[in-house]
There are 2 protein chains.
Amino acid sequence: MGTLLDFPRFLLTSLVLVFFIFLTTPTIEAKIRRYNWEVKYKYMSPDCYQKLVIAVNGKSPGPTILAQAGDMIIVNLKNGLITENVAVHWHGIRQIGTPWSDGTEGVTQCPILPGDTFQYKFVVDRPGTYLYHAHYGMQREAGLYGSIRVSVRDGENEPFSYDEDRSIILNDWWHNSTLVQATGLSSIPFQWVNEPQSLLIQGRGIFNCSQLSPSSSDTGICNNTKCYPYHLTVVPGRTYRLRIASLTSLSALNFEIEGHNMTIVEADGYYVEPFVVKNLNIYSGETYSVLVKADQDPSRNYWAVTNVVSRPRKPPPGLAIFNYYPNHPRKSPSTPPPTGPQWDDTDYRINQSLKIKAHRDYIHKPPQTSDRTIILLNTQNTINGYTKWSLNNVSHIFPETPYLIAIKENLPHAFDQNPPPETYDYKNYDIYGKPNNTNATFGNGIYRLEFNSTVDIILQNANMMKEHSNDTHPWHLHGHDFWVLGYGKGKFDPANHTKFNLVDPIMKNTVPLHQYSWTAIRFIANNPGTWAFHCHIESHFYMGMSVVFAEGVDRVGKLPDSIMGCGETKGLRRP
Amino acid sequence: MGTLLDFPRFLLTSLVLVFFIFLTTPTIEAKIRRYNWEVKYKYMSPDCYQKLVIAVNGKSPGPTILAQAGDMIIVNLKNGLITENVAVHWHGIRQIGTPWSDGTEGVTQCPILPGDTFQYKFVVDRPGTYLYHAHYGMQREAGLYGSIRVSVRDGENEPFSYDEDRSIILNDWWHNSTLVQATGLSSIPFQWVNEPQSLLIQGRGIFNCSQLSPSSSDTGICNNTKCYPYHLTVVPGRTYRLRIASLTSLSALNFEIEGHNMTIVEADGYYVEPFVVKNLNIYSGETYSVLVKADQDPSRNYWAVTNVVSRPRKPPPGLAIFNYYPNHPRKSPSTPPPTGPQWDDTDYRINQSLKIKAHRDYIHKPPQTSDRTIILLNTQNTINGYTKWSLNNVSHIFPETPYLIAIKENLPHAFDQNPPPETYDYKNYDIYGKPNNTNATFGNGIYRLEFNSTVDIILQNANMMKEHSNDTHPWHLHGHDFWVLGYGKGKFDPANHTKFNLVDPIMKNTVPLHQYSWTAIRFIANNPGTWAFHCHIESHFYMGMSVVFAEGVDRVGKLPDSIMGCGETKGLRRP
C-alpha cells in the first residue's frame, strides 16, 4: 500500500542506492557471465552437404563468449548427445586456480555423461582472442567449437586502434563422421582420414554438390541453392580488427583478403610488434588479430580466401565475401580469388613465424636460463601393427582416471608412475629417414615439473613412416603461455642455443613445428594442475601425439565431485 | 627343495585330490563360463554395404553363449568405443538375485564408459533360447547383439528330439547410422527412420549395390561380389532344431523355409504344445525353436526367407540358403523364394499367436486371479512439438540416476515419486481415432509393485498421430516371464475377462500387441529389483514407449560399485 509516508522512504532508498553505486563503481571490474548451453546433434549443412553436427544451442560455431579481462565465466553445459560423453576445453584460458575447468577429458575431468549438466567456472584473466572446443575423442571435428573474445580492463589501452571488432574461425570439414574417421585410424589396416572436402570460414563453405551422384541432390543431402558463403560487411574507410582463429582438424592454412594488406597486432592474446602481410599463415589452435582498413574501391566486393598450405591442395579454397557496404553481401567478385603462397613453400611459413615477436612496449622478458630441457622427437611409429604418433617413441594413451584426480587423490595405480623419456638419441637419429620403431611403445606416464621451475621444450620434427614425408604440427599447451624461443631447420643441436630469442620472444599457447625443423619454447611451471601439451591436429592427437605435465598438484584446491565418475572415481557421492 | 620325504606328501595330496573330485562330481552341476569381450566399432558390410558396426570381439552378431541351465555366466565387457558408453542386456535371463546385471542403462546401471571394463555375472537358471544386445540409446541397431543357448540340466529331457541344434537371428538393417536416426527422431520437424534397406539372416543380407551411384561401388562402399547370403547346411534325413530369434529394430517378420514345414516346440524358453506351420511370424525380442526335417529332394538347395509383415514391404526379402549336403552351399535355388503371407493379414498373425500354448506336460498354471490390473494405452502423442510414443499419455524418459540405485540408496529426488496412470479412459477413448493429446506429458515415474503380488497388464493398441495408422508392438518384460492370457481385436473391456486363457497359457518374455487389438499378460512380482517393460522396436523405445516396475528392492543385496558413476552416484569410490 502506498501512502504519503512512503515517498520520503523511496527517496532515501534511491539516494542510498545512488551513493552506493558511486562508491563501488571504481572497484567494480569483474563481472560474472553465465551461459546455459546444450550440446546436441543436429542435421546441418555447413558446406551445403547435410551431416550430423555437434551444435551448441543449435549453432556451429557455437555462441561467442564476449567478456572483459578479470570476468568470471560460468558455462552450465548440458550434454544432450544420445550415447556420447563430452568435454569442452577453453583454449588459451590458463585456468589459474581452476585446473578442473580445463575441460580435457582424461587429464582434468571425467567425461560429461549424456543427460548430465557440468558447470565450467573460470576467470578470463587476460585480454585477447581465445577459443573453445570439444576435447574428447575427435568431437571437435564434429562442429563443437566457438570463439572467446576478452576485452581489456577498464582504463587499459591496447597499442593499436580500430573501428570494429570481428571474429572469424577457419576450419576444415569432412562429410563422413568423426566416428568413421576414428575407427579407421585405430584399425588394422590403418585407414587415413584423407583430405577434407571443404574449408569453412566462420562455419560456412561451398561444396560443389554436382560432384556427388544426382540422388544426393535430389534427396536434399547436398543442395547448392540453399547455402551461401560467409560475408563480412565493412564500411568504406573504417579499420577492422579481425580476430582470425584456426580450429582445423588437419590443415595448415593461409588466409588472405583480396587487395587488402593486413597488419598483425595480436597472437594468442599477446601484442605483436606490428608488421604488414599480404596473407597470414595460421595453424590449428592459433589466434591472430589483424587490422584491415577498408580502403579499396568501394563499388565492389572482394574475396576473403583460405587455402591449404604444407599439404597438397585437395579441397578447393574456402571463400567468404569481404563485402563493402552498400554492395549486396552475396554478390561474388568477378575477379578470381587470390591463390596465396605455394603450398609447399616451407621457407615462406618459417619466415613469417620468425617475424612474430612481442610488441616493443609489451615485452614479457623470459627467464634467461631454464631449469630443465625436454626434447621431444615427433615421429610416427608402428606399434602392435597400429600406426601411431609418438614422442620419443612413446605414443600417449590416456588412463581411465584423469591425471588431476589420480595425483590429487593419491591413486598411483591409475597410471604409470615412470616418466616418459626426457630426450632421444639426437646425436645419431636421422630425422630424414623412416623411423625404425626402436622401443616404440604405448605409455600413459607424465612429466612431473618442479613447481615454479623454468622448462624448455624442444620439439623436433622427423620423417613419418612413409619415405620423404613430414607434416607440420601445431603444438598447444594447456594452462600456460610460453615464450617462443626459436625455430630452426633441420636437427636441433642442444650444444648450440645461439638461435634462441631471449630478448623479445612472443608468448603464445600454440606454435607450429615446421617440416624437418625444430621449435623451442620456454615456460614457467607455476600453475598448479595437470596440463596436456599436444599436437592440435585432431587425428594426430587421437593417434597419441601428446604429453602431460603435472606441477604443484598439492596446491590445487578441493576437487569438485562433478569431475568424478570414471575409472577409479566411480561410486556413490562422498559423504 | 625336493627331498625323498616330499614324495609321500605328494602322493597323499594326489589321493586327497582324487577323492575330493570323486566326492564332488555328482553334485557338480553348475559351471562358471567366462567371456572376455571387447565392444568396438568396426567397418563391416553385413549386406554388402560398408558401414560402422558395433562388434563384439570383431563380430556381429557377436559370439554365441552356450551354457547349461544353472551355469554362471561371467562376461567381462570392455567398452572399446571412442566416445560412446554402452550397456548390454541379457534378454530373457531373469537375473534372479543379480538385478544389477540386467544391463538396462537408466534402470539397473550407469552406462559403461569408454575404456572401462564392466563385469556382468549372472546365472542362466532356465534352459531355452535367449539373446543379448545393447540396451543404451539405439545401439542394438548398430549391430551389438547375439545368441544365448541354454541346454537342460543333466538328466533332464525335452519333450521333443532332434539331431542338430542351430541358432539363427533375424534382423533389419539400415545404411545410415543410429545417431543419424536418433537425431531425426528427436528433432523438430520429426524425421522418421523409414524402412530398413535390408533384412539380415544371422547377420548377412544382400543389398543390391546397383541401386546406388556407381561411385559407391567404385570406392568399395558397396560390393556385391564380396558378400554372400548365410547358408545353413543340412544332412538329408536329419531333424534340425532351429532356434529362430528376431532382433529387428522395426520390422515384424515372417520366416519360411521353402518346401519345409516347421513344428513350433519352444517359445522364449518355454515348451510349446507342438503344432506345424508353413511359416512363422516372429516379433522383435521373441525366440522360437522349430523342428525341421531335411526330408525333401536332396539334390538341390532351398530358400530360407524372411519377409516384412504388418508394414508395407519396402526391403526385399532376406534370403539364406537351406543347403542340402553335399550341394554347394552358395548355389542359389532356381525356384523363386516363397513370399509368405500377405503383409497386411492381421488375422493370420493373431491366429498364430493364439495357437501358441504351453506344452501339455509343461503347464505352469497361472494364479487364477490377480491383485492388480494396469491398463496401458499405446499411443503416439505430440509433446512440446516432439513426436513421441506414450503409455496412458505419458512418454517415458529415463532419469540420470538408474532406478535400482535411486530406490536402494534412497535418492528420492532422482525421479518423480508419483506413479504414472494405472489406466486410461477406456469407456470413452476411440482407439481408431487420432490421439487428441489430452494431458500428454513426459514422465519418469514408475509402477511400484507389492512383492509377490500378481499383476495383470493389458496392452491396448490405438491409432497413431496419422489417421488410419497403427503398428504392431512387441512388448518385452525384463526380470520375469509372464503368462500370455489372451489377445483380442478392438478395445479391451475390463468387465469381460472371458477371453483369458487360465488353463494352458504359454509363458514368454516378449509378446506382440497386434494392430487395433489388445494383449493381456499376468506375472508375479517376485524378483527383487527394477525392471523395464517396453516396446522392443528400437525407435519406439527411444521415443518413450516404456514403463518401469519396481518390486522388493529392499531385498536386493549390496549394489556393486561398478554400476555407479552417473547422476547422483558420481564421486570417489566409497570407503
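The values are calculated or read from the model by the stated rules, or taken from the named source; none is laboratory data. Since this is a predicted model, take the numbers as computed values, not measurements. Note that we place each Cβ from the backbone using ideal geometry, even for glycine, and neighbour counts take in every protein chain shown. All accessible areas refer to the heavy atoms of the entire protein, side chains included, with ligands and DNA or RNA removed. Shrake-Rupley method; radii C 1.70, N 1.55, O 1.52, S 1.80 Å.
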Sort out which residues of the range B:210-269 are among the hydroxyl-bearing types (Ser, Thr, Tyr), more than 14 Å from every other protein chain (Cβ to nearest Cβ) and more than 28 Å from B:Tyr324 (Cα to Cα), and write them in order of number.
-> B:Ser249, B:Ser251
Given the structure, is A:Asn470 under 20 Å from A:Gln380 (Cβ atoms) and open to solvent by less than 10 Å² (accessible area, probe 1.4 Å)?
-> no
Quick one: in the range B:555-572, which of the residues that are without any contact (Cβ under 8 Å) to a residue 12 or more places away in the chain and open to solvent by 10 Å² or more (accessible area, probe 1.4 Å) is farthest from B:Tyr386 (Cα to Cα)?
-> B:Lys558
Search result, residues across the range B:158-184 that are assigned to a loop (DSSP other than H, G, I, E, B), within 14 Å of another protein chain (Cβ to nearest Cβ) and in contact with a strand residue (DSSP E or B) (Cβ under 7 Å, 6 or more places away or on another chain) | B:His175, B:Ser177
Within the set of pairs 6+ apart or on separate chains, which have a first residue in the range A:264-287 that is within 21 Å of A:Ala532 (Cα to Cα), a second that is assigned to a strand (DSSP E or B) and of a type in the set (Asp, Glu), and C-beta atoms under 8 Å apart?
-> A:Thr287/A:Glu266
Could you check, for the range A:377-400, whether at least one of its residues is touching a helix residue (DSSP H, G or I) at 6+ places or on another chain (Cβ under 6 Å), small (Gly, Ala, Ser) and either open to solvent by less than 10 Å² (accessible area, probe 1.4 Å) or more than 14 Å from chain B (Cβ to nearest Cβ) (or both)?
-> no
Scan of the range A:185-197 for residues that are more than 24 Å from the chain's Cα centre (by Cα) and either at the interface with chain B (Cβ under 8 Å from one of its Cβ atoms) or in contact (Cβ under 8 Å) with a residue 40 or more places away in the chain (or both), ordered by number = A:Ser187, A:Ile188, A:Phe190, A:Gln191
State which residue is nearest to the other protein chains (Cβ to nearest Cβ) when the search covers only the range A:38-61 and only residues that are under 20 Å from A:Arg149 (Cα atoms) and open to solvent by less than 10 Å² (accessible area, probe 1.4 Å).
-> A:Ala55
Just to be sure, is B:Thr108 within 21 Å of B:Leu291 (Cβ to Cβ), more than 14 Å from every other protein chain (Cβ to nearest Cβ) and buried (at least 21 other Cβ atoms within 10 Å of the Cβ)?
-> no
Quick check, is A:Val511 β-branched (Val, Ile, Thr) and in contact with a Lys or Arg (Cβ under 6 Å, 6 or more places away or on another chain)?
-> no
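Residue by residue, here is whether (1) open to solvent by 10 Å² or more (accessible area, probe 1.4 Å); (2) within 22 Å of A:Glu538 (Cα to Cα) holds:
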{"site": "A:Val276", "(1), (2)": "yes, no"}
{"site": "A:Thr287", "(1), (2)": "no, yes"}
{"site": "A:Val292", "(1), (2)": "no, no"}
{"site": "A:Asp297", "(1), (2)": "yes, no"}
{"site": "A:Val308", "(1), (2)": "no, yes"}
{"site": "A:Lys314", "(1), (2)": "yes, yes"}
{"site": "A:Asn327", "(1), (2)": "yes, no"}
{"site": "A:Pro333", "(1), (2)": "yes, no"}
Any idea how many residues of the range A:36-46 are within 16 Å of A:Ala87 (Cα to Cα) and not β-branched (Val, Ile, Thr)?
-> 5
Heads up, the strands (runs of 3 or more DSSP E) in the range A:413-461 (entirely inside) with at least 3 residues that are touching a Leu at 6+ places or on another chain (Cβ under 7 Å) are A:454-461
Looking only at the range A:428-462, and only at residues there that are among the hydrophobic types (A, V, I, L, M, F, W, C) and under 25 Å from A:Gln515 (Cα atoms), the one that is most open to solvent (accessible area, probe 1.4 Å) | A:Phe442
Read through the list (1) more than 18 Å from B:Leu77 (Cα to Cα); (2) part of a loop (DSSP other than H, G, I, E, B); (3) within 16 Å of the chain's Cα centre (by Cα), then give the number of the only condition that B:Gly137 fails.
-> (1)
Residues located in the range B:528-554, provided they are touching a Gly at 6+ places or on another chain (Cβ under 6 Å) and surrounded by 23 or more Cβ atoms within 10 Å (Cβ to Cβ) = B:Gly529, B:Trp531, B:His536
Checking B:Gly128, B:Gly155 in turn, the sole residue that is more than 14 Å from chain A (Cβ to nearest Cβ) and either surrounded by fewer than 24 Cβ atoms within 10 Å (Cβ to Cβ) or closer than 28 Å to B:Thr83 by Cα (or both) turns out to be B:Gly155
With A:Thr64, A:Thr108 as the choices, which residue is modelled with pLDDT of 95 or more, under 30 Å from B:Pro399 (Cα atoms) and touching a strand residue (DSSP E or B) at 6+ places or on another chain (Cβ under 9 Å)?
-> A:Thr108
From A:Thr117, A:Thr183, which residue is at pLDDT 95 or above and open to solvent by 30 Å² or more (accessible area, probe 1.4 Å)?
-> A:Thr117
Regarding B:Val88, is this residue surrounded by 24 or more Cβ atoms within 10 Å (Cβ to Cβ), within 14 Å of another protein chain (Cβ to nearest Cβ) and either at pLDDT 95 or above or out of contact with any strand residue (DSSP E or B) (no Cβ under 9 Å at 6 or more places or on another chain) (or both)?
-> yes
Quick one: which strands (runs of 3 or more DSSP E) sit completely within the range A:187-250 and have at least 2 residues that are under 30 Å from A:Arg166 (Cβ atoms), touching a strand residue (DSSP E or B) at 6+ places or on another chain (Cβ under 6 Å) and polar (S, T, N, Q)?
-> A:239-246
